[in-house]
Amino acid sequence: MPEQSSQDPLPPDHPLPPLEQSQVGGLPVAPDLGLSLAQVRMPRGLTRFDARLVRLIGVSILLGGAAACVAWLLMKLIGLITNLSFYGTWSTAFSSPADAVPRLGAWVIGVPVIGGLIAGGMARWGSKAIRGHGIPEAMEQVLLNESRIPTRITLLKPLSSAVVIGTGGPFGAEGPIIATGGALGSLIGQLMKVTASERKVLLAAGAAAGMAAVFAAPVSAVALAVELLLFELRGRSLIPVALACVAATGVRDLLMGSTPVFLMDPVSTPGVAALAAYVLIGAFIGVLSVWVTRVVYAIEDGFERLPVHWMWWPALGAVVVGLVGWMAPLTLGVGYVNIEDILNGRLAMGALAWLCLMKFISWSICLGSGTSGGTLAPMFTIGGALGAMIGLLLSHAAPWLGIDPRIAALVGMAALFAGASRALLTTVIFAFETTGQPAGLLPLLGACTAAYLVSAMMMRNTIMTEKIARRGVRVPSEYKADYLERILVGEACEHDVVTLDADRTIGEVRAWIAGASPESQHQGYPVLSVAGQVLGVLTRRTFFDAKWSEQARLGDLIRRPPVVVTPAHTLRQAADHMAVENVGRLLVVDPADPTRMLGMLTRGDVISAHTRRLRESARMRRQIDLRAWRRVRARRRRQRV
């Protein structure tokens, strides 16, 4: 099967295609041997910093400020709906629904149901995409839809989330604002003339800025964007996202202050025994994170089997929220105060167990119903309570370990989210930024890593990816350097290339190929002039095309410059160039004299370059053989004797 068509000669009356502008400093090879610096068919260079990046950075900074304002408005809106729903007052002050339960009594059950009905109606007649906690939906748009989120999501997502949370939904505000910030970034990216990659950066910048604005955690917000949205780590994406988070945090400090979200009393640096215990706690909670994820999706599957329309599911889930809230008022709402109480050891063992169990029941059923809200705050509450209980038990049963129940609560809340989401760096940095406890950083790193390891061994997908994986979306789980970026064309190309003279005729070439010599079995051949200058490439399909006469000279069939690279290009640039130009081979030319061919690079050469990578990852051998070393030493001793 012929490998490529774009280097076949064009009919004489066919207009020549326009050549692309070079950004790599190469020169073109034109059919008339005229050289021009303005035209070349070489790979586009990857300019790290240019005017487009500066513009993207400027837009990202403005986007970060806007996302902070949206986060502030969302928090005010949640406060307003909470006060109206539970207290009947017009106030945007953040308040806890728990204080209203003794006054409302059983009537508290109906408040979340009303919120569920409103959210279900908004999802049905507004957009179904507002269902869920937001991050999986944003990931899906990045992976499948060139980061294009419908405009209406920018308004409907925060409104529906504010209604659900304000009426007692057991969620945090972080998920909705992350989704809203991402939708705002996507909207700006759709209004501007940008590439899909740049739109992805704007989406990630908006989402990360939203998280930074809610929790004053800019570094973990950047890590979240890298681990869950960008699926890459490079300067052109990292810089705009980081500066958007800086801008969002700065605006947040002006609007809401700079105090850590979860104020925690200072803790001391743990000893070695305590550190090992915290790591084991993280591993144990990692097992529970797998169980939590499976239960959530089992509940979601249960709702899928109900014989009622999905718009009623949030209301059904809200019935459980109301019942649980009546029995355990602290489960209602975002519960940031609960997290702070857990981290400071203000809750006894019984209160911790009750809060942990009831919050899990309320959150898992409500989330499985498809309503709108975030997962981070409820998982921090559940994990923090678990960690605190384990810490209290160990501090009494084995005081010699030096376990601090507060640090155990810190590592517990972080380990549950790290295991469920496998956003390792995001979770560790987030727990550190929101508590401001440097002594907890090492236990956090050990516990979250252990939870990540256990989760990765027991569960294929995460709480963030299971939903879209069921819809056939393949989510990258590992980000590593492109191996082809490490290899230069000069190392991989074939230098001993069979060429044809421009003066040869089609008839001669056909007879030569019919002779079946090894040199005549290639799919494409460079054509050289009498002076040895490269003119172009012709394929076997051209030689046997009936429209060319036997007397036609090869040089007369060239209608376009060859597609070329230099030895200094990487294989990644060359492979991308092949894809853009729709060719199966590239001529390798001397950058100082582009009419001089140095070799040829084919698709097969690019594939073969992976052989070394596969060999390195598969072959196991001992580099230093101690047994051989001992034998040599023994032989030398015998010789001396």
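Right, Pro136: open to solvent by less than 10 Å² (accessible area, probe 1.4 Å), at pLDDT below 90 and touching a Pro at 6+ places or on another chain (Cβ under 6 Å) or not? Taking the combined requirement at face value, the residue does not satisfy it.
Suppose we filter the stretch 290-301 for residues that are open to solvent by less than 60 Å² (accessible area, probe 1.4 Å) and either more than 24 Å from Thr167 (Cα to Cα) or of a type in the set (Phe, Trp, Tyr) (or both); how many remain? Number of matching residues: 7.
Is it fair to say Arg630 is touching a Phe, Trp or Tyr at 6+ places or on another chain (Cβ under 8 Å), open to solvent by 60 Å² or more (accessible area, probe 1.4 Å) and not aliphatic (A, V, I, L, M)? Break it down into steps so the answer makes sense when it comes.
Numbers: touching a Phe, Trp or Tyr at 6+ places or on another chain (Cβ under 8 Å): no; open to solvent by 60 Å² or more (accessible area, probe 1.4 Å): yes; not aliphatic (A, V, I, L, M): yes.
Criteria not met by Arg630.
Residues in the stretch 289-316 that are aliphatic (A, V, I, L, M), over 30 Å from Thr427 (Cα atoms) and part of a helix (DSSP H, G or I): Met311, Ala315, Leu316.
The set of residues from the stretch 474-497 being hydrophobic (A, V, I, L, M, F, W, C) and either open to solvent by less than 80 Å² (accessible area, probe 1.4 Å) or over 30 Å from Asp590 (Cβ atoms) (or both) comprises Val475, Leu484, Ile487, Leu488, Val489, Ala492, Cys493, Val497. The one condition from (1) part of a helix (DSSP H, G or I); (2) touching a residue at least 60 places away in the same chain (Cβ under 8 Å); (3) surrounded by fewer than 24 Cβ atoms within 10 Å (Cβ to Cβ) that Gly345 does not meet is (1). Mind listing whichever residues of the stretch 565-616 are touching a helix residue (DSSP H, G or I) at 6+ places or on another chain (Cβ under 9 Å), in a helix (DSSP H, G or I) and not acidic (Asp, Glu)? Answer for the stretch 565-616, where residues must be touching a helix residue (DSSP H, G or I) at 6+ places or on another chain (Cβ under 9 Å), in a helix (DSSP H, G or I) and not acidic (Asp, Glu): Leu571, Arg572, Gln573, Ala574, Ala575, Met578, Arg603, Val606, Ser608, His610, Arg612, Arg613. Whether any residue in the stretch 409-426 is open to solvent by less than 30 Å² (accessible area, probe 1.4 Å), touching a residue at least 60 places away in the same chain (Cβ under 8 Å) and not in a helix (DSSP H, G or I) is what I want to check. So far as the stretch 409-426 goes, yes, one or more of its residues are open to solvent by less than 30 Å² (accessible area, probe 1.4 Å), touching a residue at least 60 places away in the same chain (Cβ under 8 Å) and not in a helix (DSSP H, G or I). Filtering the stretch 537-550 down to residues that are part of a loop (DSSP other than H, G, I, E, B) and out of contact with any strand residue (DSSP E or B) (no Cβ under 7 Å at 6 or more places or on another chain), which residue is surrounded by the most Cβ atoms within 10 Å (Cβ to Cβ)? Among residues in the stretch 537-550 that are part of a loop (DSSP other than H, G, I, E, B) and out of contact with any strand residue (DSSP E or B) (no Cβ under 7 Å at 6 or more places or on another chain), the one surrounded by the most Cβ atoms within 10 Å (Cβ to Cβ) is Trp548. Against the test of being open to solvent by 30 Å² or more (accessible area, probe 1.4 Å) and free of Cβ contacts under 8 Å to residues at least 24 places away in the same chain, the options Arg124, Arg103, Arg131 yield a single qualifying residue, Arg103. Looking only at residues that are within 17 Å of Gly584 (Cα to Cα) and open to solvent by less than 20 Å² (accessible area, probe 1.4 Å) in the stretch 499-536, which one is farthest from the chain's Cα centre (by Cα)? Across the stretch 499-536, the extreme among qualifying residues is Val527. In the stretch 452-473, the qualifying residues are those that are in contact (Cβ under 8 Å) with a residue 40 or more places away in the chain and basic (Lys, Arg), and the one that is surrounded by the fewest Cβ atoms within 10 Å (Cβ to Cβ) is Arg471.
The values are calculated or read from the model by the stated rules, or taken from the named source; none is laboratory data. Source: prediction; values computed, not measured. Don't worry about glycine lacking a Cβ; one is built from the backbone with ideal geometry, like all the others, and counts go over all protein chains shown. Note: accessible area is taken over every heavy atom of the protein model, side chains too, but ligands, DNA and RNA are not part of it. Shrake-Rupley method; radii C 1.70, N 1.55, O 1.52, S 1.80 Å.
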